[in-house]
2 protein chains.
Amino acid sequence: MDQRPIAVFDSGLGGLTVVRSLRERLPAEDIVYFGDTARVPYGTKTPDTVMRFSREISAFLMRMNPKCIVAACNTASAVCLPRLGEDVPVPMVGVVTPGAASAVETTRPGDLVAVIGTEATIASNAYRNAIHAIDSTRSVVQVACPLFVPIVEEGVYASDPIVRMAVDRYLAPLRRLKPTAVLLGCTHYPMIRTAIAEYLGASVALIDSGDATADEVGDTLRRSGALSDLASAGSLHCYVSDHPRRFQTVGSHFLGSSIPDVVRVCSEELARGADALSSRPRASA
Amino acid sequence: MDQRPIAVFDSGLGGLTVVRSLRERLPAEDIVYFGDTARVPYGTKTPDTVMRFSREISAFLMRMNPKCIVAACNTASAVCLPRLGEDVPVPMVGVVTPGAASAVETTRPGDLVAVIGTEATIASNAYRNAIHAIDSTRSVVQVACPLFVPIVEEGVYASDPIVRMAVDRYLAPLRRLKPTAVLLGCTHYPMIRTAIAEYLGASVALIDSGDATADEVGDTLRRSGALSDLASAGSLHCYVSDHPRRFQTVGSHFLGSSIPDVVRVCSEELARGADALSSRPRASA
């Protein structure tokens, strides 16, 4: 039994959908969350910038003595893993591998799987490679949807006409291709899941990488006997690099409940701490 | 006569519309431009984060030995000026005061002026305060349009249906209020000027802060005898904190011509240089 917290990070608010999935499955676990709201979004930025930011955040989270770190950001998972995980002395779980595994489980040989995500996630081919590493019999088509994140970050959700227009803008090719499953390769996309489902029709399965990741975190902790044995509900402490107020307001929709405790950490402070990661001795997980 | 370059900065691409205006008016001037593409956008972030980023960039630009610095970012101008200008040993020109002056010149006592901009610009009340500091007889209404920047940054312009929908989303109250003038309080907005003009109708004057700022820079340099006397066309050198390629591709639409020379500067490097600003001796402008 291990009472240390699960650490989760994202470029901003999106990872709170993964926190929601984690709390549904593992209600006794303490969670610390970092959202890089001063530098959001990551999805339009280059891999080495995203790697640098993710290293800084991982070093910061290590100060919280977590039992594992969840890269709840699809862009960070796609471009930083497994390399970043090798520098961190606790297990690091990304959203790409669990999401890819879920896509394979949901489909059959010869089926078409569509992956939708940010420009950086799609350009990395991480989901396609992860699906083919598990099973090469699925065809994979990938579509970048750059405006979904800003639309959702503004707090605009499924019933809004601008959401329907953006869905039509990016997903029209998928409506024609009729994939068996569409993998929501961005933690923001569950917030507009209803609009995507209505547009693509009931025959298309929508796969949420966040749900699959929460399952994977539970399995990882269970295998190593590291689940918490507390009977009470776990705590949630959030850290952001900007805007505690906005994070609390819009974030509560992502989390599905209020966010009482948000602390601001200056991203200058993060940059100073990043060197600590490489000089840290490797502990066994 | 002063051959030193004019330095211009913005959170990303938007300031290139100001560079375009500068080059039309002052073709002999050398220009150095910094776009903070690793941390864009600024308009959804808090004033102290925007101040920190802007200080770092100003310190970086001072290494280029400029004769003045143009804060071509409305958000940075609105939240950092005049304070930041006091720490910089050359004249600093923002976009807010020239834009406000242009709005007053374009209207008459009792007229209604509408200001549109990012959340941070609107929350700062900088345009309203600047207009009223010049002339308190104008009524000012302010509207934040958070999705305009991501839409334009994606390279989507005036004729696109999603632009028309976003325009309708934010500007419907203005169509009812019928202001005499609408001040485009963001350097991205000139890219969707046509859509805004069509929506609001020909009776509404659209004021581009960028044009007014370029006029102000010319006047400032002329007054101090600091215009370049070169007969050849001035150079343009661009620096960005991420993505030279994207900056070149999308940026060429903002600039109205190709961008040959873009150098990447890591934002970690920027942060290290920021302390130099406060310790620098004050020179006379």
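The values are calculated or read from the model by the stated rules, or taken from the named source; none is laboratory data. These figures come from a predicted structure and were not determined experimentally. As a convention, Cβ positions derive from the backbone with ideal geometry for all residues, glycine included, and neighbour counts pool all protein chains shown. Just so you know, the surface numbers come from the protein's heavy atoms only, side chains and all, with ligands and any DNA or RNA stripped out. Shrake-Rupley method; radii C 1.70, N 1.55, O 1.52, S 1.80 Å.
Residue-level check: of (1) modelled with pLDDT of 90 or more; (2) closer than 22 Å to A:ARG63 by Cα, A:SER257 misses just (2).
A:ALA158 falls short on exactly one of the conditions (1) within 18 Å of the chain's Cα centre (by Cα); (2) modelled with pLDDT under 95, and that condition is (1). A:LEU184 passes every criterion in (1) open to solvent by less than 10 Å² (accessible area, probe 1.4 Å); (2) within 12 Å of chain B (Cβ to nearest Cβ) apart from (2).
For region A:28-42, the criterion of being over 17 Å from A:CYS266 (Cβ atoms) and open to solvent by 30 Å² or more (accessible area, probe 1.4 Å) is satisfied by at least one residue. B:ARG169: more than 10 Å from every other protein chain (Cβ to nearest Cβ) and open to solvent by 10 Å² or more (accessible area, probe 1.4 Å), yes or no? For B:ARG169, the condition - more than 10 Å from every other protein chain (Cβ to nearest Cβ) and open to solvent by 10 Å² or more (accessible area, probe 1.4 Å) - is not met.
Residue by residue through region B:215-228, note down the ones that are acidic (Asp, Glu), touching a residue at least 40 places away in the same chain (Cβ under 8 Å) and open to solvent by less than 70 Å² (accessible area, probe 1.4 Å). It would help to see each step written out before you state the result.
Filtering region B:215-228 down to residues acidic (Asp, Glu) leaves B:215-216, B:219.
Within this subset, residues satisfying the condition of being touching a residue at least 40 places away in the same chain (Cβ under 8 Å) are B:215-216.
Correct list: B:GLU216 only.
If only residues of region B:28-51 that are among the aliphatic types (A, V, I, L, M) and either touching a Lys or Arg at 6+ places or on another chain (Cβ under 6 Å) or over 30 Å from B:ALA231 (Cα atoms) (or both) are counted, the one that is farthest from the other protein chains (Cβ to nearest Cβ) is B:MET51.
In summary, helices (runs of 4 or more DSSP H) completely within region B:8-115 and bearing 1 or more residues that are without any contact (Cβ under 8 Å) to a residue 24 or more places away in the chain and over 26 Å from B:THR180 (Cβ atoms) occur at B:47-62, B:83-87. Of all residues in region A:229-274, those satisfying the criterion of being open to solvent by 40 Å² or more (accessible area, probe 1.4 Å), within 14 Å of chain B (Cβ to nearest Cβ) and over 21 Å from the mean Cα position of the chain (by Cα) are A:ARG245, A:CYS266, A:GLU268, A:GLU269, A:ARG272.
Would you confirm, using the coordinates I've provided, whether B:PRO150 is within 14 Å of chain A (Cβ to nearest Cβ) and either farther than 23 Å from A:PRO41 by Cβ or surrounded by fewer than 19 Cβ atoms within 10 Å (Cβ to Cβ) (or both)? So that I can check it myself, show each step before the final result.
Values: within 14 Å of chain A (Cβ to nearest Cβ): yes; either farther than 23 Å from A:PRO41 by Cβ or surrounded by fewer than 19 Cβ atoms within 10 Å (Cβ to Cβ) (or both): no.
Against the criterion (within 14 Å of chain A (Cβ to nearest Cβ) and either farther than 23 Å from A:PRO41 by Cβ or surrounded by fewer than 19 Cβ atoms within 10 Å (Cβ to Cβ) (or both)), B:PRO150 does not qualify.
Take residues that are small (Gly, Ala, Ser) and farther than 23 Å from B:ARG246 by Cβ and tell me which of the helices (runs of 4 or more DSSP H) falling wholly in region A:146-210 contain 2 or more. Lay out the reasoning, then the answer.
On the way: elements: A:148-153, A:161-177, A:193-200.
The helices (runs of 4 or more DSSP H) meeting that bar are A:193-200.
Of these, A:ALA195, A:ALA212, which one is open to solvent by less than 20 Å² (accessible area, probe 1.4 Å) and without any contact (Cβ under 8 Å) to a residue 40 or more places away in the chain?
Working: A:ALA212 fails: without any contact (Cβ under 8 Å) to a residue 40 or more places away in the chain.
Result of the check over A:ALA195, A:ALA212: A:ALA195.
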